[in-house]
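Read the figures in this text as sums done on the coordinates, not as results from a lab. Keep in mind it's a predicted model, so treat the numbers as computed, not measured. Here the Cβ positions follow ideal geometry from the backbone for every residue, glycine too, while neighbour counts run over all protein chains shown.
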Amino acid sequence: MARPDITFIKQQGQSGRTIPGQDYVSAFLFYTGTLPSGFNSSTRIKQFLSLSDAEAAGILGDYSDATAATGTYLITAAGATGDNIIITVNDINATSSQQVTTICNYTKVTGDSTIALLGASIATAINAGTGTHGYSASFLTATLTITAPKKLGKYLNTGSPIVVTLSAGSTIAGTLTQFSGGVASLQAVWHYHIAEYFRMQNGSNGVDGLFVGFFAVPSPYTFSEITTMQSFAQGAIRQIAIYKDGAAYSSADLSAIDTEIKTNNDARHKPLSALYASDLSAVTDISTITSLTGLTANKASSIIGQDGAYLGNYLYKTSGKSITTLGAALGALSLSAVSEDFGQPVDKFNISAGGGLECDVPAFANGKLLSDSSVSDALLDSLDAKRHIFLQKYVGTSGTYFNDNHAAIATSSDYAYINDNRVIDKATRGIYASMLPALKGRLLLNSDGTLATTTIAYLQNLALAPLYQMNRDGDLSDVSTSDVYINPAQNVQSTSVVVVNVSLNEDGIARQIQIPIGFK
């Protein structure tokens with residue numbers, strides 16, 4: 001026989017469609033082979049109360065861990081006095097708009113009598129503007145080496161971004177080699193997601209902050225790190241964001257995450273929900289993404305949205321992989337009450353709030369803007385029906401919002417939405433804590449072996465107490481004594497098992513509002 005315990009058997013088909021104060025406790029799980037300076041192989045998890053705490057632990061947004069791309073111009077002829085050379089780069093700025101950056105506009109003087117002198121002068125001209133454009137240069141023998149800003153990462157590695165333009169009749173000559181070797185910053189992406197989490201929180205997170213964990217890239221992904229982080233947090237985590245940027249998006253990951261949570265967390269009184277994001281950069285047609293309606297992974301949700309015109313998009317272009325809105329989604333979920341849909345179009349869940357720049361232009365995680373002519377309302381409806389979470393706009397109002405809070409399971413399930421799962425998780429946590437003193441306790445029986453009325457009342461009141469609190473919190477509708485039923489005739493004497501039936505009166509969510517309208 002198993003150890004004495006309190007177990008919950010979640011019922012299906014009954015919805016018709018705790019510990020107070022910790023609903024917001026959240027975590028972020030990253031996979032990497034390169035740890036921030038404040039972490040090491042024996043310290044992989046930390047708790048941050050603010051973005052500055054994360055920065056103090058070495059998670060910086062300054063691109064210092066990136067590798068700059070370099071390109072060269074091999075000068076083969078020094079030309080004549082008065083010859084002009086202009087060097088431009090097709091790059092992007094902080095708002096992710098492609099631009100032409102002029103890094104050199106130099107006219108040869110008499111003193112530039114050799115290739116070496118001309119090359120040194122061009123390098124000096126480039127370096128004089130480094131503070132403005134960010135590019136630098138060096139010259140050795142006949143080769144001018146141009147170094148791009150680190151923040152541009154991989155963006156310049158492809159195409160022909162360097163353009164050398166010589167004045168008419170110029171006799172300067174050379175061989176241009178385009179940029180290569182740029183490596184994107186990992187820290188800047190981590191910093192972005194943590195910053196987005198705290199941006200959405202806007203100081204509302206209480207005292208427990210955000211748990212952040214960095215783990216080695218596994219093969220295969222089993223997502224056991226979820227349990228490692230939950231154990232570190234002593235079971236306090238209610239929602240976790242999982243950023244798997246080292247491999248392509250896979251719906252199978254959602255099932256693996258769900259299994260890990262249900263087996264090693266929910267079953268051990270540490271329930272939580274997960275948001276999942278991975279790399280969709282190679283998916284040219286977002287309509288081909290897998291439908292999640294055939295899964296039973298209600299503890300996992302798929303995030304496929306992304307900023308389309310500001311820092312998120314900039315990081316997408318400079319890293320060459322999906323960034324997503326995972327940080328903002330975790331922040332919004334943490335901010336919401338367990339019974340709320342974080343896609344509700346109110347200021348509280350405006351994902352572009354706080355300056356109106358980040359996420360004001362919504363996109364998918366493959367870089368496709370929702371404003372693109374190929375993105376139709378029918379496509380958005382299809383992706384919503386496939387139960388993915390992305391950004392959208394509403395006609396007649398400002399702001400950007402999530403389409404819904406889908407879980408990776410059929411719409412017909414009682415646990416089809418994140419709020420369904422968070423509500424029942426809060427209830428199981430509360431009932432567990434309330435009823436724990438009764439575990440292995442004595443039960444008074446009537447002479448016929450049935451449970452005494454006082455025993456039933458005692459157990460019933462224990463189970464009802466957290467439900468009444470959830471009602472006061474607004475997370476359950478009306479709670480009555482009939483919501484907890486204990487059959488007095490059950491044979492506790494021979495089985496040592498007491499069955500306490502609990503029915504939750506969950507709040508409804510107005511996902512469709514119908515308004516019949518016409519003339520009088």
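Just a few scattered comments:
- Three-way shape call for the stretch 70-180 based on the alpha-carbon gyration tensor, with the a/c threshold at 1.5: prolate
- Length-normalised contact order for the stretch 444-520 - Cα pairs under 8 Å, 6+ apart - percent: 29 percent
- The structure shown yields Rg and Dmax of the Cα atoms in Å, and of the options (1) 29.2, 116; (2) 32.8, 100; (3) 23.7, 72 that calculated value carries the label (1).
- The stretch 379-520 - convex hull of alpha carbons, volume per residue in Å³: 196 Å³
- Proxy reagent accessibility, fewest Cβ within 10 Å first, across L74, L459: L74, L459
- Ordering F223, F349 by the number of other Cβ atoms within 10 Å of each residue's own Cβ, fewest first, gives F349, F223.
- Cα gyration tensor shape of the stretch 211-309, rounded if a/c is under 1.5, else prolate or oblate by comparing a/b with b/c: prolate
- L311 sits among other residues whose Cβ lies under 12 Å from its own Cβ, and their net charge, with Lys and Arg +1 and Asp and Glu -1, is -1.
- Inter-part distance where the stretch 359-377 and the stretch 267-307 are each reduced to a Cα centre, Å: 18 Å
- For the chain, the 222 nm mean residue ellipticity estimated from helices alone, with every DSSP H stretch of n ≥ 4 adding -39500 (n - 2.57) and the total spread over all residues, rounds to -7500 deg cm²/dmol.
- Cα-based shape type of the stretch 171-261, given that a ≥ b ≥ c are square roots of the gyration tensor eigenvalues and the cut on a/c is 1.5: oblate
- Under 18 Å from the Cα of K270 - aspartates and glutamates, other chains or at least 8 residues apart: D5, D23, D208, E225, D258, E260, D420, D425
- Calculated P(r) tail over 25 Å for the stretch 321-465, as whole % of Cα pairs: 47 percent
- Overall Cα dimensions of the stretch 347-429, principal axis frame, Å, largest first: 43, 29, 25
- Cβ-based net charge around L326, under 15 Å, with every Lys or Arg adding one and every Asp or Glu removing one: -3
- Sorted fewest first by neighbouring Cβ atoms within 10 angstrom, R442, R238, R387, R44 come out as R442, R44, R387, R238.
- Short-range pairs are left out: with C-alpha atoms under 8 Å and at least six residues apart, the relative contact order of the stretch 149-215 is 36 percent.
- Listed pairs K262/K317; K46/K440; K10/K348; K154/K299; K348/K393; K262/K321 exceeding 26 Å between Cα atoms: K262/K317; K46/K440; K10/K348; K154/K299; K262/K321
- Measuring max minus min along each principal axis, the C-alpha atoms of the stretch 222-374 give extents of 47, 33, 28 Å (largest first).
- Extreme residue, positive dipole direction of the stretch 174-293, given options L210, S281, S251 (C-beta unit charges): L210
- About its Cα centre, the dipole of the chain is roughly 600 debye, where the only charges are +1 on Lys and Arg Cβ and -1 on Asp and Glu Cβ.
- Farthest towards the positive end of the charge dipole of the chain, among the residues T495, T114, F179, is the Cα of T495, using unit charges on the Cβ of Lys, Arg, Asp and Glu.
- Three semi-axes describe the equivalent ellipsoid of the stretch 449-495; taken as square roots of 5 times the Cα gyration tensor eigenvalues and ordered largest first, they are 27, 9, 8 Å.
- Placing +1 on the Cβ of every Lys and Arg and -1 on the Cβ of every Asp and Glu, with no other charges, gives the stretch 10-156 a dipole of roughly 520 debye about its Cα centre.
- Neighbourhood net charge (11 Å Cβ-Cβ; Lys/Arg +1, Asp/Glu -1) for Y249: -1
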